[in-house]
Structure formats: C-alpha cells, structure tokens
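The values are calculated or read from the model by the stated rules, or taken from the named source; none is laboratory data. On a predicted model such as this, the values are computed, not experimentally measured, just so you know. Using ideal geometry, Cβ is built from the backbone for each residue, glycine included, and neighbour counts are taken over all protein chains shown.
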Amino acid sequence: MRQITLNPAVRQALETLGRFPLVVAASLIGTVAAVWLNHLPLPEVAARTVAGNLAMTAWLGVGLLFSLTVLAESRGWRQWEGVVAQVLGVASLCGFFWSLVSTPYPIRLSRFWLCMLAAHLCAALASALGKGATVDSFWRFNQSLAARLGLSMGYVALIYIGLGVALASIKNLFELDIPDGWFLDPLILALGLFNTWFFLAGAPRVPETLPGASAEAPPEAAAVFLYPRQLRILGQVILMPMVCVYLFIVYAYAVRTIMIWRWPTGWVTYLLLSFCALGLLCLFLVQPLAEKGGNRWVQAYSRHFHLALFPVLILLFAAIGKRVQEYGITENRYFVLALGVWLSGIVLHSALDAPRDLRILPASLCLVALLASFGPWGAFEVSRKSQVQRMKGLLESHGMLVGGKLAKAPGRIPRHVAREIGGIADYLEERERLSDIKPWIPAMDDSGQTHSVAWHKALDGKFALLEALELPYMPPEATGPGRAEAVAFSCRTLSTSVRKVSGFDLLYADFRARPVGPEDGQGPGDGLDPFAESGGPAADGFRFEFDTASASIRFHSKDDTLGPVLDMGAHFQKLRDRYPDAYALNLPEEEMTLEGEDKSMRVLVKLRNVSGEADPEGVRLRDFAADVFVELKGKARSRAKIPSIARVQTAPLVRTAKPGKAVPAGIPAGDPASEP
C-alpha cells in the first residue's frame, strides 16, 4: 500500500491542533464572534452585546488555556491531570461569560483587559513553574515566544495589507458596493486564526528543549551562553540610551516643578508609567548579559536602574495624589496607584539586595491585575464608592443635600461645581449605578419644594437628576490649545408662549440666527441679512439684519439709511464678565434686554437665549434667539403698511429653527389668532 505523505505545513498544523485543541477551538469561536459583531447593525444592541461577550471570553480563553497546557508540560503532569486542568479552565471561562451578562459596558471592557493581562502573564510564567526551572530557562522560553509572536504579527500585517488592497481594487475597478465592514474582516481572520495557529506551532514544548538546556546536550553546552545578536542591538544600542534620555527629561521636569512650585499635571502619570515600562522591558532584555559578565554599561544599568526610579515614583505619587484629592478615585486613577505601589515594591525589593529573579515581575503583576479585577478591594468598587462620596460632599457643601435628602440648587452654583456633579452623574449612569443615590431622593413630605421638583424621575438618567437639582449639564472642561468652553445664558420668563405686547408696532417673535463660518462655505466676516430677499419687512418701512463681522443687529429705514445698532457681542461679553462661572444661567428679563432709538424708529430686543464660546482671548457669539420689538416714528410710520399678519421669510444663508413672525401690536405673541 502506498504511504500517504502530508505537506510539512499541514502536518505541523495538525500536530499543533493535537497539542492545543481547546486553544485552537477558542480562537475559532472568538474569530466567528468578532466577524458576527462586525456585521451586526448598531441598533441591534442585544445581539451585539452577546457577540462581544462571546468574543471577549473566547480570546481570554486562548491565553488561559495556552498557559494551562504549558504548565502541564513543564510540570510533567499525566494526561488525565492535564485534561482536568483544561476542564477547570473552560469552567472558569463559562463563569467569566456569565459575569459579563450583568456587567455594564465600561466595567466589562476594563475587566476583560485586566484578565487578558493576567492570562498572558500566566503564559509567560507557566514555564518558570516547571520542575528544575531556572531564571535562564524562563528567559529563554519567553524570548522564544516573543520572537515567534513578532514574526507572526509581521505576517498578519502583510496579509491584512494585501487583502485590504485587493478588496479596495475590486471595489473601485468593478464599481461594486462593498460595505466598509468587509475591510475589517481580513484583519479579524488573520489575527484570530492565522496568528494563533502560527504562534502555537512555534511554541517550545518545555524549557528543557531550548538550545543549551536539553537533557541530551553535553554538560558543557549549558555553560555556553548564546545571546541573540538582534536582542543585543535592541536592548544595548537602542533601548538603553532611549531610557537614559527619558530619565533625563523626567528629572529635568521634576526640577522645574520644584523651582516653580507647581503640582505636576495629571497626564504626566501616564508618561511616567510608560517610561517605567520601557525601562523594565530593557532590564528584562539585558539581564542575561549583566549576569554573564557582559558589557560594564549593561551591568551598571542593571544594578542602578531600580534606584533611579525613586524620584520618578515620588513624582508619580505627587501627580496622581493631587488628582485623587481633587476628583476622587476612578478606575484609571486606581490603576495608576496600583502600578505605582507595584513599582515601589519592585524597587524596594531590588534596593534591599535581594536575589534578582526576573520571575517576580510577571508573578507580582499578574497578582495585581487579578486583585484589581474583582472584589470590594477592586478598581470598580473602590472607584464607585469614592465617586458617590465625592458627590455627597459636593451636594452637602452647596446646599443640595440637606438632612440626607436632595434639594434643588438654592442659588447660583459655580461653574466648576456643576461640571463636577454632572461628571459624577455621567460616571454613575454609564455604570448603571445611579440607584446608589436612591436613599437621597426625598419623599413627598420631606421638603416643601417637592411639588415643583420631579424627584420620582431623578434616577432615570443624568439629565433627569440635574434637571431635578435645577443644574445645567456642563460638558467636559476644554483643554489644550485652540479649545474653548461653552457659555450660555437664558431667560425663562421670555420663553412663554403667550405674552402681552403693547407700545410697539411690530413684534418679530422668536427670531433665531446663527453666524455662518468657514464650515458653511462663508468667510468669518460675511454678514447675514435674513430679509435680503424677502421684501416683506422692507415694504413696512424698515429692515434689520445680523452682521457677523461686528456681532451686531443693524436696523435700516426704508431708504436703506442705517438706524439703531445693537451690539450683541459686547452684551454677551458683559454677561460673561459678570457671571464668569455660569454656563446655562437663567437671568432676569432686564439683563437680557437691549434697546436703541433714532429719529425713525425705536427698537427693543429681548433675548430668550444666547450662547457661544469663551477662551482666554475673549468670547465668541455662536447663536441666539430673541423677540424683536419695533416702533416706527414720524414719516416712517405714516408710510408703513402694517399687515395684519406678516411671516418673515428666511434667506438661504440663515439657519433658523423656525421662521420668525411679524405680529401687529396688541396681538399676544403665540395667540392662535396670530397663526396664518
């Protein structure tokens, strides 16, 4: 009988499947779930949640089940022991999937990445738990895995670019309507199937099979240390000088901070953590060279790097401590604090001249990741309690939590306080924990003001809560160059649908205009004349326009003579100067009124609302809504033909929520009789 021969690649793929069957199955399930998620429409929230949870669980299973397989091989477990370990791993994944069902999205995603980090650290550590494992064998095993992963990711990038270009060519050359989601499918397939299978095929079976550590190798082979030349260039020539440059920058920043006596900014913590991670990576790469009596420069780096981290850690804790003091603990700040404590432990361990075992790095970091993922000490519970306590303190200090019960804002609340309360409400709503403040909701007999506040709806969402407190929702504070923060004022008494009008000939009710900018195809100085093409108001003896160049409302008589000019920009700046902390502040009618007069007319503008942007250079008016009152004088009045009803037409350049209306004096604005 003729013997069937298999292609070497196919044979190796089948051998990999036999060695890691559950790992390959998990990668297949994760890939299918990710492709399914990629093609699900956004409105199908329930199906997308199931697909996302399945993909996260399966991808977590790839790292976890791989770790268990390597552990069983390195420990020399019998086959049934390895099977039991795999079954326990699958059971853990089922529990993780079940926990995702009742977990809000932000926590779900953060917990997934924490568990992924722990699973990959376990994969790096599994070989170190084998019988007779040494630091050398641990380093060689992980060096082999990293080299295989780098090669695999290079192939993935090549596959994705090639297939992406092919799809783009087909779409454009044959004029086919290929959905955008199809362009992501090659990356998902390459990462989920090819990358996993190719990486597993090159994973060493046990550390003893690595070069120089085999049981069949002669004893003198173990004494020969062959350090990869590529790693020597990466660690000694590239990374070590880079770490030293970054260290100099951090030290210089610390000196500057002390000289100007200013707390370090919050984002510097991420820079410091990135620097520490880069330094530890470099230390991991060059540690064998230092132990084998290599370059003195390498030995000095390995011996003193931990000590050089002391000032960096002091700066790190100063920066994150200031943020925690001001804004409480969130998940990100918890992670920064946890990593800072972990780094401090590593530095102290090295400073005490303890045996320098590289295995302590992944082992301790894996423990930190797992502890931060679950339990009352974890990132999510600690952050939630901190934010609830912070909201309680803010409400109590500004009279909105009296006797343990909520009350509406007693007066003008500073802008930054409204922003912080809105930010906490947003935080709790995202995590579905607004119910934590349910005990604060007053009953009908708890407050005399309850009848005017919708407390029973306050937990429906952040906007409902802020509305009950009579606070505006403040957008996040603008940071960085070119950023401006929103400013808005309103007058609720002017927003009523029925008001008595007397003493004027015409009322243009609810006139709305927004300045046109470059995004609308107009220059910054282009003026807007809302009635330039209508002819209606001009026939009545006058017309008016909003000019964006001067941020003013200009009134003209029938012969186009310029009449009163009301400076909207100056009035907006005055309101901003008077109320610098306000955002959507409700003002009395007299503060939202502008008036002007000349020999041909008297005009009065009552602003319903006005909004814009503010930065250190000043304010910029964005839009407004107003009622425009006009009284014609002398000949202009005698020539004017005041219509019973006149609807103001809108020019194409003006953006209005609804057209303004010209109403004769004496007819209440909004009265059904004034409708056409």
### Qualifying positions in the stretch 456-499 - modelled with pLDDT of 80 or more and not in a helix (DSSP H, G or I)
G461, E470, L471, V487, A488, F489, S490, C491
### Message
Within the stretch 349-435, considering only helices (runs of 4 or more DSSP H) that don't extend past its boundaries, which have at least 1 residues that are under 30 Å from R140 (Cβ atoms) and not β-branched (V, I, T)?
### Response
360-373
### Query
Can we say A570 is within 24 Å of S495 (Cα to Cα), of a type in the set (A, V, I, L, M) and surrounded by fewer than 21 Cβ atoms within 10 Å (Cβ to Cβ)?
yes
### Task
Assess whether H416 counts as being surrounded by 14 or more Cβ atoms within 10 Å (Cβ to Cβ), modelled with pLDDT of 80 or more and within 29 Å of D577 (Cα to Cα).
no
### Task
Only residues that are of a type in the set (G, A, S) and more than 31 Å from the chain's Cα centre (by Cα): list them for the stretch 397-406, please.
G399, G403, G404
### Message
Go through the stretch 542-562 and report how many residues are in a strand (DSSP E or B), in contact (Cβ under 8 Å) with a residue 24 or more places away in the chain and in contact with a helix residue (DSSP H, G or I) (Cβ under 9 Å, 6 or more places away or on another chain).
### Response
5
### Task
Find the helices (runs of 4 or more DSSP H) located wholly in the stretch 122-209 whose residues include 1 or more that are out of contact with any helix residue (DSSP H, G or I) (no Cβ under 8 Å at 6 or more places or on another chain) and crowded, with 18+ Cβ neighbours inside 10 Å, and list them.
135-173
### Task
Would you confirm whether any residue within the stretch 567-582 is of a type outside the set (D, E, K, R), at positive phi and either in contact with a helix residue (DSSP H, G or I) (Cβ under 7 Å, 6 or more places away or on another chain) or at pLDDT 75 or above (or both)?
no
### Query
Considering only residues of the stretch 27-48 that are in contact (Cβ under 8 Å) with a residue 12 or more places away in the chain and of a type outside the set (A, V, I, L, M, F, W, C), which is surrounded by the most Cβ atoms within 10 Å (Cβ to Cβ)?
S27
### Selection count, the stretch 261-276, where residues are touching a helix residue (DSSP H, G or I) at 6+ places or on another chain (Cβ under 9 Å) and either among the hydrophobic types (A, V, I, L, M, F, W, C) or under 30 Å from N142 (Cβ atoms) (or both)
11
### Summary
Within the stretch 316-355, the count of residues that are exposed (fewer than 15 other Cβ atoms within 10 Å of the Cβ), among the hydrophobic types (A, V, I, L, M, F, W, C) and closer than 23 Å to W113 by Cβ comes to 1
### Message
Out of everything in the stretch 278-336 that is in a helix (DSSP H, G or I), of a type in the set (S, T, N, Q) and at pLDDT below 85, what residue ends up being nearest to V245 (Cα to Cα)?
### Response
S302
### Message
Can you report the number of residues in the stretch 428-440 which are surrounded by 16 or more Cβ atoms within 10 Å (Cβ to Cβ) and more than 14 Å from K392 (Cα to Cα)?
### Response
3
